[in-house]
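First the structure, in the form of structure tokens, and then the observations on it.
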Amino acid sequence: MSEVRVTRKGLRGERPGREAIPGKTGDDARRWRRKGRAEQPMVPEPEFTSYYGKPVLNPPVWEARDIAGYLFLGGLAGGSSLLAAGADLTGRPELARAAKAGAGAAITLSLAALIHDLGRPARFLNMMRVFKVTSPMSVGTWLLSGYGPAAGVAAASALTGRLPRIGAAATVGAAVLGPAVAAYTAALISDTAVPAWHDGYREMPFMFTGSAAMAAGGLGLLAAPAAESGPARNLALLGQVMEMAAFERMTRRIGMTAEPYRAGRGGAYIRAGQVLGALGATGAALSGTPLVRGARPRRVVAALSGAALLGASAATRWGVFHAGMESARDPKYTVVPQRQRLAELSAPAGRPVGLPPA
């Protein structure tokens, strides 16, 4: 057994460490290492894997038909109520009637999809026992409870022509709550631990609001006469630009977590939504110009554009849903960004991450 002795010239009898160079000891090894001639490690860089390939998170047990449909229909309803109020103020009765009917039908189907996913209607009622401002689920439950009856009364009054004053008051109430109904679902999914949803919490509300406006404008173009479709066309174009800008900003900011939005099933839906949105916006813009002459051709172009915009909004919501599910199943989207954030927090100020300290 060797002993280490301390002398004026340093340690004597010290055993070489694990980084010692074979055949070189002491000062020779240090000079060899400084010249860059040390042996390179033959072990490859480690790659992240979880235990037995299992996901770190438990993916949500939501069904695409229920929850993605709930996200799309809720946005369509909220945007349509806002469009209906604007149509009433500008004297466009056919557009107002179509928007009110669409909002009433959309919120009814949206609530049906939500309750079907919950399993029992009593579970929805149980969420109304408390009101918690910090819980998107609690706030959303009370929003739906106030918005749903208002949109239903407005639609019934518009279709039957009865109780116009009550119908007008319900229209105003639904228009006030409509934007919140369209946007709160973004806060709802961003409040989860699903990486592709949670990391996009800054832009997701703007993306969902733009998608809702695009869908409502598309419904107006599809159902209203061409002479009254001006507000619907403007709302659809504004929504398409807003959704596209928010999505591009989100995917650039969140880095590798945006991969599920570009690949797989989620990416396919997103690309389909982008193509349909571009076609619908182009047709909507052309339908309001002299390039399309005649009432009937203009009506056909507006209807096709409206259908494309509705399809674009639905495809975007399905794409967001499937991208989130994929990011929850793959553990790298949970662990790798967390490690990067920890490295950024621990790095000295002004020094790029990954560089050794001076």
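Values as computed for the structure displayed
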{"read-out": "Separation in nanometres of the label points that stand 7 Å from Cα toward Cβ, at Phe131 and Arg165", "value": "2.7"}
{"read-out": "Cβ crowding within 10 Å averaged over residues, with 78-84, 253-259, 223-229 ranked highest first", "value": "78-84, 223-229, 253-259"}
{"read-out": "Normalised convex hull volume, region 60-330, alpha-carbon set, Å³ per residue", "value": "116"}
{"read-out": "Length released on extending from Val176 to Gln338, taking residue separation times 0.36 nm less the Cα-Cα span", "value": "54.4 nm"}
{"read-out": "Relative packing of peptides 279-287, 127-135 - highest average C-beta neighbours within 10 Å first", "value": "279-287, 127-135"}
{"read-out": "Dipole of region 60-330 [Lys/Arg +1, Asp/Glu -1 at C-beta], most positive-end residue of Ala101, Leu143, Gly74", "value": "Ala101"}
{"read-out": "Diffusion constant of region 79-236 at 4 °C, which comes from Stokes-Einstein with the Kirkwood Cα-pair radius and 1.567 mPa s, µm²/s", "value": "80"}
{"read-out": "Between region 123-164 and region 202-248, the alpha-carbon center distance in angstrom", "value": "23"}
{"read-out": "DSSP-assigned coil residues among trypsin sites (Lys or Arg not before Pro) in region 135-236, each with at most 16 further Cβ atoms within 10 Å", "value": "Arg162, Arg202"}
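Bear in mind these aren't lab numbers, they're just calculated from the coordinates by the rules spelled out. Since the model is a prediction, treat every value here as computed from it, not as a measurement. Note that each Cβ is placed from the backbone with ideal geometry, even for glycine, and that neighbours are counted across all protein chains shown.
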